[in-house]
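Asks: Here's a structure for you.
Nothing in this text is a laboratory measurement; each read-out follows from the coordinates by a stated rule. Given the structure is predicted, the values throughout are model-derived calculations rather than measurements.
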Amino acid sequence: MLVGIYLGQFCITTLTWFFLTWFPIYLGRARHLSIVKVGFLAALPALCGFAGGILGGGVSDELLRSGHSLSFARKLPIDAAAMKFLIPNWRFDPKTPCLVAGPGRGREASKGAAS
């Protein structure tokens, strides 16, 4: 049971450091955005995470009210959000800043940058 908690904390910490350190530098250097645009775009993941946390809590509460088990009500919103990152986004537009990355983007990104 603790392995799941450890894995979840590892993933949260990794994503936090990614969005706090590498992502703003990437937007500035690779995408040549101004510092103001970098600031706004770098804040989007945190704002979306906040909104997703509130929305997930509301969905969880509604599942509990409708009679589902506590375990199901807690796991469904997290699993539904995680599925977004497990389903690869196969289209790549090199002109659009990469705000949401998932598995499978690297191969398309390198093709888009090379052409």
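Asks: Assuming 0.36 nm per residue, please report the length gained on full extension of the stretch D61 to T16 beyond their Cα-Cα distance.
Replies: Extra length available between D61 and T16 comes to 13.6 nm.
Asks: Need the full-extension length gain, A46 to K75, defined as separation in residues times 0.36 nm minus the C-alpha distance. One decimal, nm.
Replies: 8.3 nm
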